[in-house]
Amino acid sequence: MSFVTSKTCLILVWACFAVGVSVLVSCGGGGDGRLVVDPPKLQSLNFQGSPQSGLAGRPFEAPIQVAVVDKEQGPSDVDVTVSIRLEGAPATNLRGTLERPLVNGVATFDDLTIDRHGQDLTLVASAELSTQSLSVTSLKFSRGVKAGKRHVILMIADGWGYPEIAAGASFSGQRPPYANLSSFAMSTWDVDVKAFNGDSGYDPKRAWEDFGYLVQSATDSASSATAMYTGVKTNSGRISVGPGAARERLQTIGDLARMNGVGVGAVTSVPISHATPAAFVAHNDSRAFTRPITDEMLFGDPATTGGPVGAHGPSPILPDVLIGGGHPVTGGNHYVSFAQLVKARASGWMVVDRWGIDGDTRKGTPARLIAKAAQADRLFGLFGSFFGNIPYRLHDGSGQDPEEPTLAQMSKAALLSLERQSKGFCVVIEGGAIDWAGHANNMSQMIGEMVGFNDAVREVIRWIEDPSNGSDWNNTLLIVTGDHETGLLTAGPRFFPDKPLGEVTDARIRAETYDYNYGVVASWDDANGNGRIDYETSEEEIYWAWNTTGHSNCLVPCYFKGMASERFKDFVVQKDPVRGDYIDNTAIYKVMLEALRR
Ligand SMILES: [Zn+2]
């Protein structure tokens, strides 16, 4: 072969080569004027910078760019597609758009994620030119959280707000265990509330001027949980599935933790596949489809024991700890079936229950749960009796079944099991029945459940501050909040919630009854004995009143301490005239994500 020395011809050759054409050119002045030129091996693929380490399941912080480079002329804009693949981790997948065209000589991959943590990973880019196959391997990188432990603990009191906390403190005479933590108020609206209200979802001015505003529309636990776990506002009832017709499967902080090798747990005092724990690790169009939700939580595949109604595909990495109610022993419970419980035991879950399904005695269940927690690879504690529910603890401490673990005992078990995870864990702990007591307008149940929740918070803080287990406030994020208020508990019928409740005493709790004047459940000093609140005519002292049997759109408090919690201040939305600066519940996701990244 012969080389052309004319500069003009060289440019022409390369220009033709650049569009992928084998060239036959005429260069005046040589022989017959025809000259066959093999393509010069001057082009190569190059990564523009190396892939950055970061979280599995999250897009790369900077897009991955691959250039076809001409050694003398820089990026070469040939008409070719560059494809990309992952090497170094057989069980790990590269997701996103894996083929991209060259634009100005560079292929840009801006939506790539890696679905599971791994080290010494490489990306391999390749392109088929008509004349040569190009391939290049990136420098090594890792996806996953950094070495070392982090603990993310989100405690949610379902149906909880400022008045409920005040009532609990008034009755017990004890400051709640989160009283010393930092806090902001927090809005809880979902997309349906925003559409109904025709405003930003929560308008501080309307909230304190129009009493009806707070109860005309409110989030449910599913959409609120989705906002806290995914940072995305959705429609009422959805379990980590996005809003509208698109129904996108959302990635939860629980999913992200699992993808990154961090332990994951969900604990609740109500059935385990109820909305708040479910949305942490499962994805469904509706909270009502509890069986496929339970299948997804226990086995990863929402179609394990039945149809995958409402589901959005499998969650291949299982949680490590699930503890809650929903036991099928009495029937009538649609949360967990016997088939699911038996299959869980056969498929690697260490089951602890109180009805002998775990092959153990039926006595000393809470102690057994805690003892087994430290040995279990996967811990499934399933409790409850009638309809799978754990009986209410009432305000005077009665009603509790000693064979049902308290929320504090469940929390302790979860922490003991999860603390062995080498990269730490992410856990949600729900006091679920405060909401039920609010729906029932029942102060006795509400106080009892509030005491149970506060005890659980004390247990968690004790664990964080225990010097023997490697946890401290530097590597632990604690968030204590509510998903929404329930019952619009106030100091009287149609009183705004800034007026303090009357003192909550045993006698006043027992006097709580339905008032036919305003149509609310309340406790008041019925001076004239007519069974009606007469505060306008005879100035009867009112202690409290429940203004709805549903949820309210009140701001709720969000308490926090520890790792990454200083970030909350960056997410303040606005100032409420009564509650002060408030954040939105989507900020919880953002701060938990920050704690995972560190
Ligand atoms: Zn509710």
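For this structure, a couple of remarks:
- For segment 131-216, diffusion coefficient by Stokes-Einstein and Kirkwood Rh (Cα), 37 °C, 0.692 mPa s, µm²/s: 176
- For segment 481-544, the Stokes-Einstein estimate of translational diffusion at 37 °C and a viscosity of 0.692 mPa s comes to 268 µm²/s, using the Kirkwood hydrodynamic radius over alpha-carbon pairs.
- Over the residues of the chain, the helix contribution to mean residue ellipticity at 222 nm works out to -7000 deg cm²/dmol, using -39500 (n - 2.57) for each DSSP H run of at least 4.
- Subset of LYS343/LYS590; LYS149/LYS363; LYS71/LYS140; LYS205/LYS233 violating a 26 Å alpha-carbon distance limit: LYS343/LYS590; LYS149/LYS363
- Translational diffusion of the chain, µm² s⁻¹ [Kirkwood Rh, Cα pairs; Stokes-Einstein; 10 °C; 1.306 mPa s]: 59
- Most to least packed among 533-539, 518-524, 319-325, 191-197 [average Cβ atoms within 10 Å]: 319-325, 518-524, 191-197, 533-539
- Segment ALA346-LYS205, length gained on full extension (0.36 nm per residue, minus Cα span): 45.2 nm
- Ranked by the mean number of other Cβ atoms within 10 Å of their residues, highest first, the peptides 269-278, 343-352, 233-242 come out as 269-278, 233-242, 343-352.
- With eigenvalues of the C-alpha gyration tensor scaled by 5 and rooted, segment 470-598, Å: 40, 15, 11
- Gyration tensor over alpha-carbon atoms, segment 70-174, equivalent ellipsoid semi-axes in Å: 52, 17, 11
- When you count the other C-beta atoms within 10 angstrom of each residue and take the mean per peptide, 106-119, 372-385 line up highest first as 372-385, 106-119.
- Residues GLU465 and THR549, FRET efficiency given R0 of 41 Å [Cβ-Cβ distance, rounded to 0.05]: 0.55
Computed from the coordinates by the stated procedures, all read-outs in this text should not be read as laboratory data. All values reported here derive from a predicted model rather than from experimental measurement. Heads up, the Cβs are rebuilt from the backbone with ideal geometry, glycines too, and the neighbour counts pull from every protein chain shown.
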